[in-house]
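Asks: Just dropping this structure here.
The values are calculated or read from the model by the stated rules, or taken from the named source; none is laboratory data. For clarity, every value in this text was computed on a predicted model and none was experimentally measured. All Cβ positions, glycine included, derive from the backbone under ideal geometry; neighbour counts span all protein chains shown.
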Amino acid sequence: MKTQVVTTDPDHPDPRVIALGVEVLTRGGLAAFGAETVYGLGADATNPGAVAAIFAAKGRPAVNPLIVHVGGIEQARACASHWPPEAERLARAFWPGPLTLVLPRSSLIPDVVTAGAATAALRAPASPVALALIKGLGAPIAAPSANRSNHLSPTRAEHVLADLDGLVDLVIDGGPTAIGLESTVLDLTSSPRRILRPGPITARDLEAALGDGRAILETVGESSGILQSPGRLPVHYAPRSPAYRADTIGEITQTLELEGIVVVVIGRDVAGLDRARSPSHVLATPEIAGRAFYDLLRRLDALGPRAIVVVPPPDEPRWRALGDRIARATLPFRAWCDRGV
Ligand code: TXA
Ligand code: MG
């Protein structure tokens with residue numbers, strides 16, 4: 001298959017580009033486009049054959065369900081068999097935006113989308129390109145991140161092509177995505193309500209919008225959530241070079257003397273870092289780091305370093321989404337030292 005690449009202004013999508021995307025989706029093809037979070041690999045969510053092609057292109061296990069992208073509340077209600085008041089509240093507060101709600105699904109959503117689960121993950125994306133495609137298609141769009149399974153999520157069209165050139169019909173290049181990390185996934189079918197994947201919208205944001213005094217559970221590390229949300233598998237976002245996470249800059253001081261090590265310090269004071277010794281990258285705020293993280297890891301990975309060493313941000317709510325992605329992309333630095341560097 002030859003992959004066609006077209007470009008557009010992401011804020012004012014070119015109608016010809018949208019028409020082409022809609023044509024591809026209508027005939028059951030695959031179109032990649034920028035959401036506000038990461039690039040998605042889209043297919044008509046109501047066409048089982050088209051959705052099956054997403055799994056094939058990504059090499060994604062059929063047991064890992066996809067997010068269904070809708071134009072807004074009305075279409076979300078059509079995809080859900082039950083739309084509770086809390087879904088209405090959260091959708092009004094955060095849509096279009098980076099919040100995915102897991103709800104009981106309606107018969108509009110075929111089995112292949114949800115891996116047979118009785119629930120569907122729904123979100124209205126904020127990207128004008130995505131919204132125009134959904135509107136033009138007149139149906140929801142199933143779209144996981146547009147990377148090969150287990151690789152880093154794409155935040156630029158080049159990343160999509162690096163993973164999926166020749167495997168998808170169309171890539172709509174709207175430049176780098178605004179947020180750079182995937183949406184928050186909130187399960188509204190469990191009690192207590194639970195975040196299955198931390199993202200740009202935090203548990204505190206959700207609790208404040210709901211205002212009912214009931215806490216939202218944040219699953220940290222391994223839990224039964226893994227089966228429900230395979231995005232939580234430890235290796236989900238890994239680069240190809242060995243990548244490790246240290247706890248402090250002090251911990252890696254010795255390592256800086258080794259050749260071929262690149263260091264990424266996130267959300268920390270770099271006073272203790274001798275930057276003359278080792279190539280290092282410093283990402284200061286959650287917004288900057290969120291936008292840059294996957295791209296930086298892909299670029300460092302391409303250099304084929306001996307190792308990428310990340311010093312993760314502090315464990316604070318505003319850093320939680322990135323901390324989660326780092327934990328999935330790296331192994332503990334100590335494990336490496338114990339093997340004898
Ligand atoms: O920001 C995003 O959410 C991006 C853009 C393209 O919108 N999409 C994305 O999709 O990250 P994907 O497929 O890479 O991640 C979907 C996440 C996975 O963790 C998956 O397990 C979970 O949502 N998920 C999907 N359907 C689910 C369901 N029915 N129940 C529980 N988790 C579900
Ligand atoms: Mg993904």
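Asks: Go over the candidates Ala130, Ala87, Ala78, Ala126 one by one and state the one that is small (Gly, Ala, Ser), out of contact with any Lys or Arg (no Cβ under 6 Å at 6 or more places or on another chain) and under 18 Å from Ile54 (Cα atoms). Please lay out each step first, then the result.
Replies: On the way: Ala87 fails: under 18 Å from Ile54 (Cα atoms); Ala78 fails: under 18 Å from Ile54 (Cα atoms); Ala126 fails: under 18 Å from Ile54 (Cα atoms).
That would be Ala130, the only listed residue that is small (Gly, Ala, Ser), out of contact with any Lys or Arg (no Cβ under 6 Å at 6 or more places or on another chain) and under 18 Å from Ile54 (Cα atoms).
Asks: I'm trying to understand the selection: among the residues of the stretch 277-312, which are within 21 Å of His151 (Cβ to Cβ), in a loop (DSSP other than H, G, I, E, B) and at pLDDT 95 or above?
Replies: Pro312, the sole residue that qualifies.
Asks: Given the criterion of a type outside the set (S, T, N, Q) and crowded, with 23+ Cβ neighbours inside 10 Å, identify the matching residue among Ala56, Ala80.
Replies: On the way: Ala56 fails: crowded, with 23+ Cβ neighbours inside 10 Å.
The match here is Ala80.
Okay, residues lined up against (1) touching a residue at least 40 places away in the same chain (Cβ under 8 Å); (2) more than 17 Å from Pro13 (Cβ to Cβ); (3) part of a loop (DSSP other than H, G, I, E, B); (4) more than 16 Å from ligand 2 (Cβ to nearest atom):
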{"residue": "Leu108", "(1), (2), (3), (4)": "yes, yes, yes, yes"}
{"residue": "Val112", "(1), (2), (3), (4)": "yes, yes, no, yes"}
{"residue": "Leu131", "(1), (2), (3), (4)": "yes, no, no, yes"}
{"residue": "Lys135", "(1), (2), (3), (4)": "yes, no, no, yes"}
{"residue": "Arg148", "(1), (2), (3), (4)": "yes, yes, yes, no"}
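Asks: Another question, if that's okay. Exactly one of these conditions fails for Ala117: (1) within 28 Å of Thr3 (Cα to Cα); (2) in a loop (DSSP other than H, G, I, E, B). Give me its number.
Replies: (1)
For every residue, the table says whether it meets (1) modelled with pLDDT under 90; (2) within 16 Å of ligand 2 (Cβ to nearest atom); (3) touching a Lys or Arg at 6+ places or on another chain (Cβ under 6 Å); (4) assigned to a loop (DSSP other than H, G, I, E, B).
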residue: Ala215; (1), (2), (3), (4): no, no, no, yes
residue: Gly231; (1), (2), (3), (4): yes, yes, yes, no
residue: His236; (1), (2), (3), (4): yes, yes, yes, yes
residue: Pro239; (1), (2), (3), (4): yes, yes, no, yes
residue: Thr248; (1), (2), (3), (4): yes, no, no, yes
residue: Leu256; (1), (2), (3), (4): yes, no, yes, no
residue: Val263; (1), (2), (3), (4): no, no, no, no
residue: Gly272; (1), (2), (3), (4): yes, no, no, yes
residue: Arg275; (1), (2), (3), (4): yes, no, no, yes
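Asks: Right, something else. If Asp205 satisfies every condition in (1) in a loop (DSSP other than H, G, I, E, B); (2) modelled with pLDDT of 95 or more but one, which is the exception?
Replies: It fails just one condition, (1).
Asks: A follow-up question, please. Being touching a residue at least 24 places away in the same chain (Cβ under 8 Å) and within 13 Å of ligand 1 (Cβ to nearest atom) is the requirement here; does Leu161 meet it? Break it down into steps so the answer makes sense when it comes.
Replies: Values: touching a residue at least 24 places away in the same chain (Cβ under 8 Å): yes; within 13 Å of ligand 1 (Cβ to nearest atom): no.
No; evaluated as a whole, the condition is false for this residue.
Asks: For Phe55, only one of the following conditions fails: (1) within 12 Å of ligand 1 (Cβ to nearest atom); (2) touching a residue at least 60 places away in the same chain (Cβ under 8 Å). What is its number?
Replies: Tallying (1) within 12 Å of ligand 1 (Cβ to nearest atom); (2) touching a residue at least 60 places away in the same chain (Cβ under 8 Å), Phe55 fails exactly one: (2).
Asks: Taking the condition within 15 Å of ligand 2 (Cβ to nearest atom) and assigned to a strand (DSSP E or B), does Val160 pass?
Replies: Working: within 15 Å of ligand 2 (Cβ to nearest atom): yes; assigned to a strand (DSSP E or B): no.
No: the conditions fail for Val160.
Asks: Of the residues that make up the stretch 50-69, is at least one of a type in the set (A, V, I, L, M), closer than 13 Å to Ala130 by Cβ and either at pLDDT 95 or above or in contact with a Lys or Arg (Cβ under 9 Å, 6 or more places away or on another chain) (or both)? Give the steps one after another, and end with the answer.
Replies: Within the stretch 50-69, the subset of a type in the set (A, V, I, L, M) is 50-54, 56-57, 62-63, 66-68.
Applying the additional criterion that residues be closer than 13 Å to Ala130 by Cβ yields 67-68.
Keeping just the survivors that are either at pLDDT 95 or above or in contact with a Lys or Arg (Cβ under 9 Å, 6 or more places away or on another chain) (or both) gives 67-68.
Yes, there is a match, as at least one residue in the stretch 50-69 is of a type in the set (A, V, I, L, M), closer than 13 Å to Ala130 by Cβ and either at pLDDT 95 or above or in contact with a Lys or Arg (Cβ under 9 Å, 6 or more places away or on another chain) (or both).
Asks: Still on this structure, I have one more. Somewhere in the stretch 23-33, is a residue within 19 Å of Ala178 (Cβ to Cβ), at pLDDT 95 or above and in contact with a Gly (Cβ under 8 Å, 6 or more places away or on another chain)? I'd like the intermediate steps shown before the answer.
Replies: Step one: filter the stretch 23-33 for residues within 19 Å of Ala178 (Cβ to Cβ), giving 32-33.
Going one step further and asking which of them are at pLDDT 95 or above, we end up with 32-33.
Then keep just the ones that are in contact with a Gly (Cβ under 8 Å, 6 or more places away or on another chain); that gives 32-33.
Checked against the condition, which is being within 19 Å of Ala178 (Cβ to Cβ), at pLDDT 95 or above and in contact with a Gly (Cβ under 8 Å, 6 or more places away or on another chain), the stretch 23-33 yields at least one hit.
Asks: Which ones in the stretch 58-77 are among the small types (Gly, Ala, Ser) and touching a residue at least 60 places away in the same chain (Cβ under 8 Å)?
Replies: From the stretch 58-77, those among the small types (Gly, Ala, Ser) are 59, 62, 71-72, 76; that's our starting set.
Of everything in the stretch 58-77, those that are among the small types (Gly, Ala, Ser) and touching a residue at least 60 places away in the same chain (Cβ under 8 Å) turn out to be Gly59, Gly71.
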